[in-house]
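The values are calculated or read from the model by the stated rules, or taken from the named source; none is laboratory data. In this text the structure is predicted, and so the values were computed from the model without any measurement. Using ideal geometry, Cβ is built from the backbone for each residue, glycine included, and neighbour counts are taken over all protein chains shown. Each accessible area value is taken on the protein alone, full model and side chains, heavy atoms only, with ligands, DNA and RNA left out. Shrake-Rupley method; radii C 1.70, N 1.55, O 1.52, S 1.80 Å.
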Amino acid sequence: MTTSNIIVWVLAIIMFLFLGYFLVRRLRSNRADEKEEAMQLAIKQEDYKYLKPGILDEISRGDILTAVIFHCMRKEDEDFDNETDTFNHSETVVYSIYQLSQTVSGKSGSIHSFFISPSTKKYIDDIVGAFEEVGAIDLAELMTAAKYFSKIIEDENYVEDAQKEEEIMGIYANYNYSDYTNEFATLVSTTNLQDKIIDFILDHKEDFYDYDHDFSADEIIETESEEELEETDA
């Protein structure tokens, strides 16, 4: 091996070591950030499982939707078997859209899953009205067509009269599930859906407060926990 080749190899090794060092640092930093985000999310989940009257006026706009979702998740967990009506109308509006969004998000997400999954099928009847309630008319029209399409796929004998079918399907007449999923993602990102949901929540905030919950008991438990923590640190 010539001297020039040795120099090239040495430089290459130094470069790889240099890049490797920064890659390891970046991975460690990302893991630390993910851990911090998970911790903050866990704190919010605990803070917002019960919504104290007035809290939606106190927290940041960016936390309003998060607070309501955690509130609804707690109610759903408490009534897992759905023996009673879990949500009021406003909660159903927000949580139906959340369930659809969660189903569609991710690499393998699909609107098809929303129509066939046992955990989300109960929101099918509410989803179009939910989008209409928050003023997301384009998404309401998309889901109207998607619902009709799912019925056709489920039952090949299911048909409306030609005129009504044309009105229902509209511009989505030739769509398949993949097309519906992609269009949903596009409309969510271009129609300010999150802002519309937050505005809806603020217009109906009384519907999300847990008036029956004893918040004074929570404060006592929180105080006792803080005192125990201080004793442990001491």
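Remarks
- Failed item, numbered, when Glu133 is tested on (1) of a type outside the set (S, T, N, Q); (2) under 17 Å from Phe87 (Cα atoms); (3) assigned to a helix (DSSP H, G or I); (4) in contact with a Leu (Cβ under 6 Å, 6 or more places away or on another chain): (4)
- The listed residues are Ser117, Ser108, and the only one of them that is open to solvent by less than 70 Å² (accessible area, probe 1.4 Å) and modelled with pLDDT under 95 turns out to be Ser117.
- All positions within segment 59-111 that are basic (Lys, Arg) and either in contact (Cβ under 8 Å) with a residue 40 or more places away in the chain or in a helix (DSSP H, G or I) (or both): Arg61, Arg74, Lys75
- Residues in segment 183-200 that are farther than 16 Å from Glu132 by Cβ and surrounded by 14 or more Cβ atoms within 10 Å (Cβ to Cβ): Glu183, Ala185, Gln194, Ile198.
- Residues (among the charged types (D, E, K, R), touching a residue at least 40 places away in the same chain (Cβ under 8 Å) and not in a loop (DSSP other than H, G, I, E, B)) located in segment 48-58: Asp57
- Cβ separations smaller than 8 Å between residues 6+ apart or across chains give the following pairs from segment 134-157 residues that are closer than 11 Å to Tyr172 by Cα to residues that are open to solvent by 20 Å² or more (accessible area, probe 1.4 Å) and charged (D, E, K, R): Leu142/Glu183; Tyr148/Glu160; Tyr148/Glu165.
- Out of Ser178, Ser189, one residue alone is over 19 Å from Ser113 (Cα atoms), small (Gly, Ala, Ser) and assigned to a helix (DSSP H, G or I). It is Ser189.
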